[in-house]
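Engineer: Attaching a single structure in C-alpha cells format; questions to follow.
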Amino acid sequence: MSTSLDLCAPLAVLGADVQVPLVSGEKVGYAALDYAASSPALQRVWDEVAAYAPYYGSVHRGAGYLSQLSTDLFEQSRRTVADFLDLREGDQVVFTRATTDSLNLLAGALPAGTRVFAFETEHHASLLPWRQAGLPVSYLPSPRSPEEAVAALAEALAAQPSQEEGAGGHRLFCVTGASNVTGELWPVAELTRVAHQHGVRVVLDAAQLAPHHRVSVRELDVDWVAFSGHKLYAPFGAGVLAGRGDWLDAAEPYLAGGGASRTVAREVDGSVAVEWHQGPARHEAGSPNVIGAYAIAAACRALTEAGFEALQAREQYLIGRLTAGLAEIPEVRVLSLFGPQAARVGVLSFVVQGWNSSHFSAALSAEYGIGVRDGLFCAHPLVRTLVGGEEVTPSQCGAPEPSLPGERSLNAIRVSFGAGTPEEHIDRFLAAVRELVSDGARWNYRNEGGRCVADTRR
C-alpha cells in the first residue's frame with residue numbers, strides 16, 4: 001500500500017495559491033475539486049504559452065518570420081499529439097474546439113445511413129451528435145459490469161445486421177474511456193475487439209481518460225479518439241479528433257471556408273467550383289487556434305515527462321483516501337455502475353441522505369471554500385439510473401425544477417481531482433462533508449437565478 005511519502009508531488013497548476021472569500025467574511029485557499037468539468041492550467045503549459053505569445057502570428061501561408069514560426073509550432077503540436085496518442089501510420093490529428101466539437105465533426109463525416117451504437121451511460125457529447133446528424137442510433141441500456149457491457153454490445157451488433165436498407169453496411173460504436181459521473185474505467189480494448197469482429201468501427205471519448213491514463217490508439221485499436229484541452233490542463237479553447245483519415249477525407253468539410261479549400265474557381269456559368277484539401281486541413285477551416293493547439297501539446301509533453309505511472313499511483317492513493325472517508329459516513333451513497341471495487345479515475349459522484357445536492361454543494365463552497373459540481377453532469381440518463389427512485393430532499397433553495405414534465409429532478413454531487421490536487425484538499429473535503437452531515441449548514445440559502453447561494457441579506 002502506497003503512502004503519501006512514497007508518491008510524487010502534485011504538478012504545479014495555476015490557482016494553487018488563490019484565496020477565496022467565505023460567507024463568514026474569512027478567506028481560505030481554494031480547494032478546486034471540479035477537474036472533470038475543467039482542470040486548472042498546468043503552470044508549465046501557461047509558461048510555455050506565455051513564452052510563445054510575443055511571437056504569435058498567422059498560421060499557414062504567411063511569409064513573415066512570426067507567421068512561419070507559428071505555422072511550425074502548430075504543425076509540431078500536431079506531431080506531439082500524435083506521439084502522445086501513439087497513433088498508427090496514416091492516422092490524422094484534427095484540431096477542434098473540444099470533445100463535443102470533435103464528435104460532431106465525426107458525426108458529419110460518417111457515410112450516409114451509418115448506424116451508431118452507444119450505451120445510454122454516455123455523456124451527451126457522445127449520445128447526441130449522431131441523432132443531430134440524422135443517423136440511426138441504437139442506445140444500449142446501462143450495464144452493471146464491464147463483462148455485461150461487452151456481452152451486451154456483442155448481442156446488439158449480432159442482432160442488427162450490417163446490411164440495413166440504405167445504410168451501406170457502415171456501423172460505428174461510440175464509447176467513453178472513463179465515466180464523467182462515476183469515474184469508472186470502461187473495458188475499451190475488449191469492446192473494440194468485439195466491435196471489430198462485427199466489422200464495426202469505434203470512436204473513443206477520452207475526455208475523462210486522457211488526463212489520467214496513457215491512451216494508446218495503437219494498443220486499444222480504436223479507430224478514432226476525441227478529447228478536450230480544457231480537461232487536459234490546457235484551457236485555451238482547443239480539442240482533438242485523431243484517427244483514421246478515410247471517412248474524414250471522403251466527407252464534405254466540417255466548415256466551408258479558407259484553409260479547407262485548395263482551389264476556388266469561377267465557372268463559365270457563373271458558379272463556383274471548389275477543390276477541398278485532403279488531411280486535417282479539410283476540417284480546420286478558418287484561422288487555426290494555434291495557442292490552443294500549442295497548449296495541448298505542452299500539456300502532452302508535461303504529462304508524458306511526469307510519467308503516467310507515477311501520476312496514477314498518486315491519484316489512486318487519493319481515491320483510496322476519498323472512498324474510505326466517504327464510506328465512514330452512513331448518510332453518503334457513492335454512485336457506481338460496476339460496484340465499489342471497480343477501477344476508476346479521480347471522479348466520484350454521490351448523494352447525501354436528507355440533503356438536496358444543490359444545497360450541499362453551495363454550502364461546501366460558501367462555508368468551506370471547496371469547489372465541486374452538482375446536477376446531472378450532461379449525462380442525464382446515467383445519473384437518473386444511478387440515483388434511481390430516491391426521494392429528492394427539498395432545500396432552503398426550494399426543490400429543483402423537474403428536468404422533464406411530471407418528473408422530479410434527481411441530482412447528485414460530483415468531486416473530481418487530478419495531477420495538481422494536494423492531499424490536503426481531499427482531507428478538507430472529507431472533514432467538510434462530515435461536519436455538514438452531522439451539524440448542518442451554518443447559513444440559510446436561497447435560490448438566485450437557478451443557483452443555490454448563501455443568504456447574506458439582513
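Engineer: So in region 316-375, with the set limited to residues that are of a type in the set (Ser, Thr, Tyr) and over 26 Å from residue 211 (Cα atoms), which one is surrounded by the most Cβ atoms within 10 Å (Cβ to Cβ)?
Structural biologist: Of the residues in region 316-375, the ones of a type in the set (Ser, Thr, Tyr) are 317, 323, 336, 349, 357-358, 361, 365, 368.
Add one more test, that the residue is over 26 Å from residue 211 (Cα atoms), and what stays is 357-358, 368.
Working: 357: 28, 358: 24, 368: 19.
Within region 316-375, the match that is surrounded by the most Cβ atoms within 10 Å (Cβ to Cβ) is 357.
Engineer: Please enumerate the residues belonging to region 285-326 that are assigned by TED's automatic domain parsing to the domain that holds residue 56 and either over 26 Å from residue 42 (Cα atoms) or basic (Lys, Arg) (or both).
Structural biologist: Those that are assigned by TED's automatic domain parsing to the domain that holds residue 56 and either over 26 Å from residue 42 (Cα atoms) or basic (Lys, Arg) (or both): 285, 286, 301.
Engineer: Name the single residue that is farthest from residue 373 (Cα to Cα) among those in region 203-222 being surrounded by 24 or more Cβ atoms within 10 Å (Cβ to Cβ) and of a type in the set (Val, Ile, Thr).
Structural biologist: Filtering region 203-222 for residues that are surrounded by 24 or more Cβ atoms within 10 Å (Cβ to Cβ) and of a type in the set (Val, Ile, Thr), the one farthest from residue 373 (Cα to Cα) comes out as 222.
Engineer: Continuing with this model, one more query. Just to be sure, is residue 439 over 29 Å from residue 232 (Cβ atoms), out of contact with any Ser or Thr (no Cβ under 9 Å at 6 or more places or on another chain) and either at pLDDT 95 or above or not β-branched (Val, Ile, Thr) (or both)? Please lay out each step first, then the result.
Structural biologist: On the way: over 29 Å from residue 232 (Cβ atoms): yes; out of contact with any Ser or Thr (no Cβ under 9 Å at 6 or more places or on another chain): yes; either at pLDDT 95 or above or not β-branched (Val, Ile, Thr) (or both): yes.
Spelling it out, residue 439 is indeed over 29 Å from residue 232 (Cβ atoms), out of contact with any Ser or Thr (no Cβ under 9 Å at 6 or more places or on another chain) and either at pLDDT 95 or above or not β-branched (Val, Ile, Thr) (or both).
Engineer: Okay, moving on. Quick check: is even one residue across region 51-60 under 30 Å from residue 221 (Cβ atoms) and crowded, with 19+ Cβ neighbours inside 10 Å?
Structural biologist: No.
Engineer: Against the definition (among the small types (Gly, Ala, Ser), modelled with pLDDT of 95 or more and either under 30 Å from residue 279 (Cα atoms) or over 21 Å from the mean Cα position of the chain (by Cα) (or both)), how does residue 107 come out, yes or no? Spell out the reasoning first.
Structural biologist: Details: among the small types (Gly, Ala, Ser): yes; modelled with pLDDT of 95 or more: yes; either under 30 Å from residue 279 (Cα atoms) or over 21 Å from the mean Cα position of the chain (by Cα) (or both): yes.
For residue 107, the condition - among the small types (Gly, Ala, Ser), modelled with pLDDT of 95 or more and either under 30 Å from residue 279 (Cα atoms) or over 21 Å from the mean Cα position of the chain (by Cα) (or both) - is met.
Engineer: Would you confirm, using the coordinates I've provided, whether residue 259 is assigned to a loop (DSSP other than H, G, I, E, B), more than 17 Å from residue 239 (Cα to Cα) and without any contact (Cβ under 8 Å) to a residue 12 or more places away in the chain? Can you show your working first?
Structural biologist: Values: assigned to a loop (DSSP other than H, G, I, E, B): yes; more than 17 Å from residue 239 (Cα to Cα): yes; without any contact (Cβ under 8 Å) to a residue 12 or more places away in the chain: no.
No; evaluated as a whole, the condition is false for this residue.
Engineer: Of the residues in region 83-92, how many are in a loop (DSSP other than H, G, I, E, B) and farther than 18 Å from residue 211 by Cβ? Before you say what the answer is, go through the steps one by one.
Structural biologist: Taking region 83-92 as the starting set, the residues that turn out to be in a loop (DSSP other than H, G, I, E, B) are 85-91.
Those left that are additionally farther than 18 Å from residue 211 by Cβ: 87-91.
Residues in region 83-92 being in a loop (DSSP other than H, G, I, E, B) and farther than 18 Å from residue 211 by Cβ: 5 in total.
Engineer: Please verify whether region 174-186 includes one or more residues that are in a loop (DSSP other than H, G, I, E, B), within 24 Å of residue 379 (Cβ to Cβ), among the hydroxyl-bearing types (Ser, Thr, Tyr) and touching a Ser or Thr at 6+ places or on another chain (Cβ under 9 Å).
Structural biologist: In the first step, residues of region 174-186 are kept if they are in a loop (DSSP other than H, G, I, E, B); the result is 177, 179-183, 186.
Adding the requirement that they be within 24 Å of residue 379 (Cβ to Cβ) leaves 177, 179-183, 186.
Those still in the list that are among the hydroxyl-bearing types (Ser, Thr, Tyr) too: 179, 182.
Retained after the next criterion (residues that are touching a Ser or Thr at 6+ places or on another chain (Cβ under 9 Å)): 179, 182.
Scanning region 174-186, I find at least one residue that is in a loop (DSSP other than H, G, I, E, B), within 24 Å of residue 379 (Cβ to Cβ), among the hydroxyl-bearing types (Ser, Thr, Tyr) and touching a Ser or Thr at 6+ places or on another chain (Cβ under 9 Å), so the answer is yes.
Engineer: Within region 23-33, is there a residue that is at positive phi and without any contact (Cβ under 8 Å) to a residue 24 or more places away in the chain?
Structural biologist: Residues of region 23-33 at positive phi: 25.
Subsequent filtering for residues that are without any contact (Cβ under 8 Å) to a residue 24 or more places away in the chain retains 25.
Within region 23-33 (the criterion being at positive phi and without any contact (Cβ under 8 Å) to a residue 24 or more places away in the chain), the answer is yes, since at least one residue qualifies.
Engineer: Has region 287-309 got at least one residue that is modelled with pLDDT under 95 and within 30 Å of residue 75 (Cα to Cα)? Spell out the reasoning first.
Structural biologist: Of all residues in region 287-309, those modelled with pLDDT under 95 come to 287-288.
Filter once more, keeping what is within 30 Å of residue 75 (Cα to Cα): 287-288.
For region 287-309, residues modelled with pLDDT under 95 and within 30 Å of residue 75 (Cα to Cα): present.
Residue-wise test of (1) part of a strand (DSSP E or B); (2) in contact with a helix residue (DSSP H, G or I) (Cβ under 6 Å, 6 or more places away or on another chain); (3) within 22 Å of residue 37 (Cβ to Cβ).
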site: 80; (1), (2), (3): no, yes, no
site: 94; (1), (2), (3): yes, yes, no
site: 102; (1), (2), (3): no, no, yes
site: 106; (1), (2), (3): no, no, no
site: 111; (1), (2), (3): no, no, no
site: 131; (1), (2), (3): no, no, no
site: 134; (1), (2), (3): no, no, no
site: 155; (1), (2), (3): no, no, no
site: 169; (1), (2), (3): no, no, no
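Engineer: Follow-up question, since we're still on this one. When region 136-152 is examined, which residues are found to be out of contact with any Pro (no Cβ under 9 Å at 6 or more places or on another chain) and part of a helix (DSSP H, G or I)?
Structural biologist: Selection gives 148 alone.
Engineer: Please determine, by comparing only the residues of region 315-367 that are aromatic (Phe, Trp, Tyr) and not in a loop (DSSP other than H, G, I, E, B), which one is farthest from residue 177 (Cα to Cα). Break it down into steps so the answer makes sense when it comes.
Structural biologist: From region 315-367, those aromatic (Phe, Trp, Tyr) are 317, 338, 350, 355, 360; that's our starting set.
Still in the list and also not in a loop (DSSP other than H, G, I, E, B): 317, 350, 360.
On the way: 317: 21, 350: 20, 360: 29 Å.
Filtering region 315-367 for residues that are aromatic (Phe, Trp, Tyr) and not in a loop (DSSP other than H, G, I, E, B), the one farthest from residue 177 (Cα to Cα) comes out as 360.
The values are calculated or read from the model by the stated rules, or taken from the named source; none is laboratory data. Every value quoted in this text rests on a predicted model; they were computed, and no experiment measured them. Quick reminder, even Gly has a Cβ in these numbers, built from the backbone with ideal geometry, and neighbours come from all protein chains shown.
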